[in-house]
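Scroll down for the structure; my scribbles are underneath it.
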Amino acid sequence: NILIKLENIDKVFYTEDVETHALSKISLIINKGEYVSISGPSGCGKSTLLSLLGLLDTNTGGHYQLASHDVSDISKQERARIRNTEIGFIFQSFNLISDLDVEENVELPLTYRKDLNKSQRKEMVKNALLQVDMAHRAKHFPSQLSGGQQQRVAVARAIAGNPSIILADEPTGNLDSKNAAAVMTLLDKLHAKGTTICMVTHDPRSAEQAHRNIEILDGQVVSDKNKSVVAA
Ligand code: ADP
Ligand code: ADP
């Protein structure tokens, strides 16, 4: 039931004459259905790790296997195809497109998929908006929504394509406590339905909701605690 397998992952950034070892020898297995939080001080490599997991960037060493794909050494097109079918992203700043309405924002990642036709896409968008309780705002534009509503639309966009994993980067970082709680409740519901979630967070209360807490320091995993194991 392995979904993600990282073996000795390194990521080095080269800028002018400086080498930054953002990740060093990360080995990690994430199983289907896990709810994982990743935390650690600023600059420790959390975003870099999430970018690698999400196929937004490539590792400089080691191997990455996602679902049945060995993604360490594949073409750009293949990476994009796997990203569009297997991964849903949620960002701190929502990243909705301001001149697309709610429906169009949620549909956008689906339009890159050659396996879906228009009516399938419409159905998936409708479904996703119902799940986040935003169907009544389908024709609104992002500027007409509160922050909490925008993040719910972003969650709909992330789940619309039934991805294998949701990657969330500080999903509550720009929300007040009430809206943050609403988004965390949504993630909980998705997890309960079997969705795998991996979330970078500074917020101890958000990390608390995850079932497994990974801590990064200086590009390395320094702690990896599974709650169900602790409780048993
Ligand atoms: P975090 O998300 O934990 O704050 P990051 O993953 O953003 O940390 O950064 C890890 C390290 O890699 C930092 O030292 C950062 O400066 C460096 N880094 C991140 N992205 C780049 C980049 N595109 N070019 C050069 N260095 C980078
Ligand atoms: P929620 O708690 O569901 O996030 P809010 O309490 O923030 O909702 O918003 C209440 C109502 O105000 C909603 O119906 C929303 O559509 C509307 N609203 C919020 N912000 C704006 C805005 N900037 N422009 C127009 N309507 C807005």
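A few remarks follow.
- Between 0 and 90°, nearest 10: helix 147-159 axis offset from the chain longest Cα axis: 70 degrees
- Note on the chain: antiparallel DSSP beta bridges, both residues inside, total approximately 60 percent of the bridges counted.
- Count of Lys pairs (Cα-Cα under 19 Å; at least 8 positions apart or interchain) in the stretch 75-145: 6
- Computed over the stretch 125-223, Cα set: Rg, Dmax in Å: 14.2, 46
- Hydrodynamic radius (Kirkwood) for the stretch 23-101, which is based on Cα pairs only, to one decimal in Å: 14.4 Å
- Per-residue ellipticity at 222 nm computed for the chain from its helices equals -10000 deg cm²/dmol, with DSSP H segments shorter than 4 residues left out and the rest contributing -39,500 (n - 2.57).
- Label point at residue 2 placed 7 Å out along Cα→Cβ; residues across the stretch 29-59 whose backbone nitrogen lies under 14 Å: 29-32
- As a length-normalised measure over Cα pairs under 8 Å and 6 or more apart, the relative contact order of the chain settles at 28 percent.
- Centroid-to-centroid separation of the stretch 17-86 and the stretch 180-232 [C-alpha atoms, Å]: 17 Å
- Computed over the alpha-carbon atoms, the stretch 1-141 gives an Rg to Rh ratio of 1.02, Rh here being the Kirkwood radius from the mean inverse distance.
- Relative packing of peptides 14-20, 146-152 - highest average C-beta neighbours within 10 Å first: 146-152, 14-20
- Normalised per residue, the accessible area of the chain is 50 Å², obtained with a 1.4 Å probe and no contribution from ligands, DNA or RNA.
- Taking 18 Å as the straight-line reach from the Cα of residue 32, the aspartates and glutamates in range (excluding those fewer than 8 positions away in the same chain) are 7, 70, 86, 188, 224.
- Apportionment of accessible area to carbon and sulfur, the stretch 95-136, percent (1.4 Å): 50 percent
The values are calculated or read from the model by the stated rules, or taken from the named source; none is laboratory data. These figures come from a predicted structure and were not determined experimentally. Cβ: placed from backbone, ideal geometry, glycine included. Neighbour counts: every protein chain shown. All accessible areas refer to the heavy atoms of the entire protein, side chains included, with ligands and DNA or RNA removed. Shrake-Rupley method; radii C 1.70, N 1.55, O 1.52, S 1.80 Å.
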